[in-house]
1. Figure the gain on full extension for residue 157 and residue 84 (residue separation times 0.36 nm, minus the Cα-Cα span) and round it to one decimal in nm.
2. What is the antiparallel percent of DSSP beta bridges lying wholly in region 24-153, to the nearest 5?
3. Kindly express, to the nearest 10 degrees and within the range 0 to 90, the angle between helix 198-207's C-alpha long axis and the longest C-alpha principal axis of the chain.
4. Would you please classify the overall shape of region 247-289 from the alpha carbon gyration tensor, given that a ≥ b ≥ c denote the square roots of the eigenvalues, rounded means a/c under 1.5, and beyond that prolate means a/b larger than b/c while oblate covers the rest?
5. Against the longest alpha carbon principal axis of the chain, how many degrees, from 0 to 90 and to the nearest 10, is the axis of helix 104-119 turned?
6. Please report the orientation-averaged projected area of region 168-279, defined via the convex hull of its C-alpha atoms, in nm².
7. Could you compute how fast region 213-258 diffuses translationally, taking Rh as the Kirkwood radius over C-alpha pairs and applying Stokes-Einstein at 4 °C with viscosity 1.567 mPa s? Give it in µm² per second.
8. Using only Cα atoms, tell me the angle between helix 231-241 and the longest principal axis of the chain; keep it within 0 to 90° and round to the nearest 10.
C-alpha cells in the first residue's frame, strides 16, 4: 500500500481571455486559451494517523486560514465524495506566486485531487475529478488535465487545442496582487468592449506561426488591472522593448508574460520585479513523481 506520493503542480497562463458577459448565477461567461507552464509547486502527500495537516515551505510564504486554502477544500470534498476519512499530512513547497493570475491555488487543488485519488485508491476518473475541482475554482478542471485548451463557460468547459510553437516565457509579478471579484466588478462598469484575442490565438496555434501567435495574445481584463497596478503596463512595455514577440497579463493579474523564441533571449530580458522567472509550455497540469 502506497504511503506517500510526490507531485508537481504546474502554473498556467491565459494566452487569450475574453469576457463574454455576466451570467444569471453571478459568474462571468468567458472564453480563454489556457496553457500549462513549467513553473511548479511541489507537494508531498502522505498518510497520517488522523485528520488533516498542511505544512508550507518556505515558512514565510503568504497563506490565509487553512480552511480557506484550496488544498484543504480539495481534501474536504474528496472526503465527502468517498464517504471515508482520509487522514493525510501534506507538505506544500510554493514556487508559484499567489495573487498572480497563474493558477497556483488551482494547481495545488488539482494535485491534491489526483494524488489522494491515487494514494487512497478511490477509483475516481478524470471527469469525476473535474466535477469536484469545479466546486473549488473554475481553473481547477484545466489544471487537472493541463496542456493547451480552450476554456469556455466560466473557464471549466474545456476543448483541447494544438500545442503552441516552441517558445519561452518571461513571467513577472509586482508586489501587489489583485482581487479577482473586484477586477470583474470594475470591468462590468466599463462600456468599452475588449479586443478579440481568442480566435486569432486559436488560428495561430493551428497554423503553427510563432510570430502570429505571439502578436495575437491579449486579455480583456488587463486595462482594468493596470489602472490599479500600473506595473502591469510597465512590465509589458519593458518585455516588448527587450525583444518579446508579444506580451499580455495572465488571468485577472497581476503577473505579465512575455513570449520569446529562444531561451537565451528570455533569460537575457533585463526586467526587474519582485518575482521574475523563465519558463516554457508543458503538456500536463500535474505530474506524479
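1. On the way: separation 73, 0.36 × 73 = 26.28 nm, distance 2.94 nm.
Gain on extension, residue 157 to residue 84, equals 23.3 nm.
2. Numbers: 10 of 16 bridges.
Bridges in region 24-153 that DSSP calls antiparallel: roughly 60 percent.
3. Tilt of helix 198-207: around 90 degrees.
4. Details: a/c = 1.87, a/b = 1.29, b/c = 1.45.
The shape class here is oblate.
5. 30 degrees
6. On the way: hull surface 27.3 nm².
So the mean shadow area of the Cα hull is 6.8 nm².
7. Details: Rh = 10.3 Å.
Approximately 125 µm²/s, per Stokes-Einstein.
8. Long axis of 231-241 versus the principal axis of the chain: about 60 degrees.
Where a number appears in this text, it was derived from the coordinates with a stated rule and is not lab data. Everything numeric here is computed off the predicted structure, so don't read it as measured data. With ideal geometry, Cβ positions are generated from the backbone for all residues, glycine too; neighbour counts draw on all protein chains shown.
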